[in-house]
Every structure is written in structure tokens, then in C-alpha cells.
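Shown next, in C-alpha cells, is the structure this report addresses.
The values are calculated or read from the model by the stated rules, or taken from the named source; none is laboratory data. Owing to the predicted nature of the structure, the values given are computational and were not obtained by experimental measurement. Cβ coordinates were reconstructed from backbone atoms using ideal geometry, including for glycine residues, and neighbour counts include every protein chain displayed. Ligands, DNA and RNA are stripped out before the accessible areas are found, and what is left, the full protein with its side chains, is counted by its heavy atoms. Shrake-Rupley method; radii C 1.70, N 1.55, O 1.52, S 1.80 Å.
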Amino acid sequence: MSEHYSIKHLLTSGVAGTGVILRGWIRTNRSGKHVSFINLNDGSNLGGLQIVYSAEALENHEAVSRLLTGACIEVEGELVASQGQGQQVEVQAQRVTIIGTCDDSFPLQKKRHSFEYLRTMSHLRIRTNTFGAVFRVRHQLAYAIHRFFHERGFYWIHTPILTASDCEGAGEMFQVTTLDLKSLASETNDAFGQKRPLRKQQALHGPNDRGTVDYSKDFFGRPSFLTVSGQLNVETLCMGLGKVYTFGPTFRAENSNTTRHASEFWMVEPELAFCDLAGDADLAEDFLKFIIRDVLENCQEDMAFFDQWVSKGIVSRLEALVNSRFERMSYTEAVRLLEKSGHKFEYPVSWGAELQTEHERWITEKHLQAPVFVTDYPMEAKAFYMRQNDDGKTVAAMDLLVPGVGEIIGGSQREERLDLLLQRIRDLKLDEEAYWWYLDTRRFGTAPHAGFGLGFERAIMYITGMENIRDVIPFPRTPGNCDF
Ligand code: 4AD
Ligand code: MG
């Protein structure tokens, strides 16, 4: 009896002469006069494996007419040294059984489809070379992330997805409710007797004052949301476990339709006790280099594919990167550089304003052509939890900017001093009550600590050279798009 093998296994350790069973999907079927060739793909590698068969010699030759692109088949045959070029081994088939038929209405018949078209086929695009490669690399990266932290003594914490607090304070949260929106809408007429959609009402009342709705009747008895970041929760576990990280989905209802923003994306957020901003940047640099090295080592075939078809030279750029030292510059220096650049930016540069994408890209792509940590941003530009510097104007924040993607990591040393943190929450008019548990960590044995968040999809984009975030997550969610 032959045994079932993955194609990857056969290519790395198969022995010619072995009887094998393979299962997978037909990418192409080239029929010749005497012999025909199927390229079979089972997801375990990029290139699949060549199956050679002669229609008459097949035990079940009635199946031959249904061996069409997209069909799922089982092949039984012998692994043999390949006659042709381009592969070491192939399978000489004795039996080919159809597991799942597929006809010519299968939408992915062509050899190349545009990424735009494939986005309308999120459920099928995994049958293409590009998406197979993207999701194998995505897996390898996730595995490398866990390995990096595990080997350094960090504990993986599963922070909640449902939350009551807005970590980033930007009011970009999806609200979660079991209230009947239809009957609410009819109850919530404004002073002029006009109905306003709930969203407008919320905008009027701000993120922390959700209007006149009676939340005691809502599922949690209070407004609740999908989390924008696991940081606040993971910080509390850090104050007891010392080194922790959270890695999971996060949600942002920001209405930015760019190639780098998704409404649902994954974030990796380590948190480290007794660590300052410089230590945080060192950890981020080691971390990014580690996961890149891991992918270069373990996804060679897929990376060669990206190098050839998606982003020329990406492998050598990544190799150079893991052997370089990331630059570091303060926000103040960055602003000075931008002002002196002579470059015409759409948004003017001035100390105190947020750096725009065009500014970030100029620094990392044009000026340095290397990754750079920009540190010590103006307090007003950053979230409430960041530690105030002695100058009274800036906070111990860092953004890691990389060529091609821009901001890939955002992090900071956290404000561990209760009085300063409280002051900040009050100045920003955040709901102090909602943060009572977070503030407790500063009341009971507070300690300096720091952490960062890596946008997982942005990391995948950076490493594969894929240019749109919609093409590195299986089912992208963006404004107006929640299909599938
Ligand atoms: O800079 P951000 O907002 O930082 C935080 O959320 C902190 N709580 C992290 C921490 O210190 N623990 O987000 C972190 C990263 C960004 O640098 C970016 O890579 C990614 O998350 N990111 C997004 N990725 C895809 N789509 C979006 N809409 C994103 N918003 C942020
Ligand atoms: Mg950020």
C-alpha cells in the first residue's frame, strides 16, 4: 500500500521508486499525444509537483476528461527522477481519482490575475501562487514571533477583544451592543424632532458620552467596544509576570482608505518591566531582525518568488537589513531635517504637528534609506499613557519607520507615576472612572515599564513586498468592506 505524503515532504526527502499517494488541486493540465502533465498543488509548497500520466495507462481512464484546472484529486503512483527540466522528481501516476470536480466556470483559469480582481475572490485566491506564498510566510512569521518571545522568557497573554476602555484615546472604536438599534433610532429624536442616526449622536456627544441611550439595558450594562489594542490589559499582567506579550486581532473604525490601514488587523504587543525607551527600541530591533531572519531561512522558495514577481531585490534588501543597525533620531531632529530638506510637502512641517506619511517616507526612504526609530514626540501628538520627559513637552515614545511601509511599530515607555498619569487623563478629559483598574497598577507597586505594538500585516507587507494590506490578510475588512 502506498502512503499519503505532502509534496513538500517528497521534494525534501522523497526516495525515487517509492509508491506514493498525493492529494491536492490541479493548477494546470497539459495534455500531450502520449503523456500528459498535471501540476498538482497541495499547499505545502509553492511550485507543486509534476504528475505525469498516460491517459490509456490509467486504471480509471474515464476520469481523464474531468482533470481540469481547480479540480481536487488523489493521485497514486511512483516517485521517479524527473525526465524534464525544472524539477528533480515527479510522480508517474497509475491512478488519478477525482475528489472534487471543477468545471470551466472556475474563476481562476488564467495564469495571472490582478490583485484587485483577486480581492473579489478572497475565498478562492489561495489557489494562486502569490496567496499561497503570502499565507505560508504569514504562518512562519506568527510562529517566529512566539518563538522569539518564548525563548526570551516572555509569557503569551490572551487579552480581551471586548473592552470598555479606549487604549489609544482616539475614539476609533467599533461599538458592540445587543440593544435593538431599530427601536433606539425611533426613540432618539433630537430637540428639533429630527431623527439622527446613532453614529451622528455619538459624534455629537464624544466617545465617552454616548448620548441619551440607556446602557443599563445593554448586554454589559455599559457601553462596550472591540479593542484597538491589548496594551492596557497586558500592562497589568506585566506588573506581576515581568515579561509578557499579547498577539491577536485588534479593531479600528478609522475611516482611512489607504493601502496600509485595515479595520481589523493583528498586533503583537510585548510589555517589559524595568525597561526604558532605549531598551524598548533595542528589543524591537532584535525582534524584527529575528523574525525576518527566520523567514529568510525557512521560506526560501516563497521569498524567491516575491523577489522575482513582487518586489525585485527584496531578499538582498532584507539580508542587508538584518546585518545593519537601525537608526535612531528624536522627533525634534526629524522636524529639523524635514524643514531643511527643501522638499515641498503637501502638509507643512512644524514642531508639534504629527508627522504625516509623506514626512515619514521622506525620512526613511529618501534621506536614510534605512529603518529608523523616531523618538520623543510632542506630548500632544501621542496617547495618554506615555511617559513624560523632563522637558515637560515631549513623551518617551517611539515609532519605527521602514522604507516602503512607513510606521510598522509604535511603542513607548509608560507613565508609571500615578500623579502624572492622572493629570494627563484629566487634561485630555478622558473618563477617569473607566481607567480605575489601570490606575491601580500605579497605586500598588508601580514600576517603570515599556512596550510596543507591531502591526502584523504591516510586517508581512514589509517582508514580502506586497503593497496592499488587503493582500496579506485572508479576509480584509476596510471601510465599506465586510464581505465573505
Ligand atoms: O501605533 P499604534 O496605534 O500603537 C498602539 O496601539 C500601542 N498600544 C502599541 C503598544 O505600545 N503596545 O499601533 C501599533 C502598530 C502601528 O505601528 C501599525 O504598524 C499597526 O499597529 N497599525 C495598523 N495596522 C493596520 N491597520 C491599521 N488600521 C493600523 N493601525 C495601527
Ligand atoms: Mg502609531
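Checking each residue of segment 441-456 against the condition of being at pLDDT 95 or above, of a type in the set (A, V, I, L, M, F, W, C), farther than 18 Å from residue 267 by Cα and open to solvent by 20 Å² or more (accessible area, probe 1.4 Å) gives at least one match.
When segment 423-439 is filtered for residues that are loosely packed, with under 14 Cβ neighbours inside 10 Å and not in a loop (DSSP other than H, G, I, E, B), the ones remaining, listed by number, are 426, 427, 432, 433, 436, 437. Listed conditions (1) in a loop (DSSP other than H, G, I, E, B); (2) surrounded by 14 or more Cβ atoms within 10 Å (Cβ to Cβ); (3) among the charged types (D, E, K, R) are all met by residue 111, apart from (2).
Could you tell me whether segment 95-105 includes any residue that is open to solvent by less than 20 Å² (accessible area, probe 1.4 Å) and assigned to a loop (DSSP other than H, G, I, E, B)? No, because not a single residue in segment 95-105 is open to solvent by less than 20 Å² (accessible area, probe 1.4 Å) and assigned to a loop (DSSP other than H, G, I, E, B).
Could you go through segment 151-172 and let me know if any residue there is modelled with pLDDT under 95, surrounded by fewer than 14 Cβ atoms within 10 Å (Cβ to Cβ), of a type in the set (S, T, N, Q) and over 30 Å from residue 294 (Cα atoms). No; the residues of segment 151-172 include none that is modelled with pLDDT under 95, surrounded by fewer than 14 Cβ atoms within 10 Å (Cβ to Cβ), of a type in the set (S, T, N, Q) and over 30 Å from residue 294 (Cα atoms). When segment 390-413 is filtered for residues that are more than 9 Å from ligand 1 (Cβ to nearest atom) and open to solvent by 10 Å² or more (accessible area, probe 1.4 Å), the ones remaining, listed by number, are 390, 391, 392, 393, 403, 404, 413. Listed by position, the helices (runs of 4 or more DSSP H) inside segment 299-389 whose residues that are open to solvent by 20 Å² or more (accessible area, probe 1.4 Å) and touching a residue at least 24 places away in the same chain (Cβ under 8 Å) number at least 2 are 300-305, 331-340, 357-361.
Which one of these does residue 450 not meet: (1) under 19 Å from residue 383 (Cα atoms); (2) in contact with a Ser or Thr (Cβ under 7 Å, 6 or more places away or on another chain); (3) part of a helix (DSSP H, G or I)? All conditions are met except number (3).
In this structure, is residue 420 assigned to a helix (DSSP H, G or I), more than 11 Å from ligand 1 (Cβ to nearest atom), open to solvent by less than 20 Å² (accessible area, probe 1.4 Å) and out of contact with any Asp or Glu (no Cβ under 7 Å at 6 or more places or on another chain)? Write out each step before concluding.
On the way: assigned to a helix (DSSP H, G or I): yes; more than 11 Å from ligand 1 (Cβ to nearest atom): yes; open to solvent by less than 20 Å² (accessible area, probe 1.4 Å): no; out of contact with any Asp or Glu (no Cβ under 7 Å at 6 or more places or on another chain): yes.
No; evaluated as a whole, the condition is false for this residue.
Within segment 434-484, the only residue that satisfies the criterion of being under 11 Å from the mean Cα position of the chain (by Cα), within 16 Å of ligand 2 (Cβ to nearest atom) and farther than 16 Å from residue 292 by Cα is 469. Which ones in segment 215-260 are open to solvent by less than 40 Å² (accessible area, probe 1.4 Å), away from ligand 2 (no atom under 16 Å from the Cβ) and in a helix (DSSP H, G or I)? Across segment 215-260, the qualifying residues are 215, 233, 234, 235, 238. If you filter segment 261-290 down to residues that are open to solvent by 40 Å² or more (accessible area, probe 1.4 Å), away from ligand 2 (no atom under 16 Å from the Cβ) and outside any helix (DSSP H, G or I), you find that the one that is nearest to residue 456 (Cα to Cα) is 264. Looking only at residues in segment 376-418 that are more than 15 Å from ligand 2 (Cβ to nearest atom) and within 17 Å of residue 357 (Cα to Cα), the one that is modelled with the lowest pLDDT is 404.
Residues that are touching a residue at least 60 places away in the same chain (Cβ under 8 Å) and under 25 Å from residue 108 (Cβ atoms): list the strands (runs of 3 or more DSSP E) wholly contained in segment 1-94 that include at least 3 such residues. Write out each step before concluding.
On the way: elements: 19-31, 36-41, 49-53, 72-81.
Those strands (runs of 3 or more DSSP E) span 19-31.
The numbered conditions (1) assigned to a loop (DSSP other than H, G, I, E, B); (2) within 15 Å of residue 264 (Cα to Cα); (3) in contact with a helix residue (DSSP H, G or I) (Cβ under 7 Å, 6 or more places away or on another chain) are all true for residue 466 except (2).
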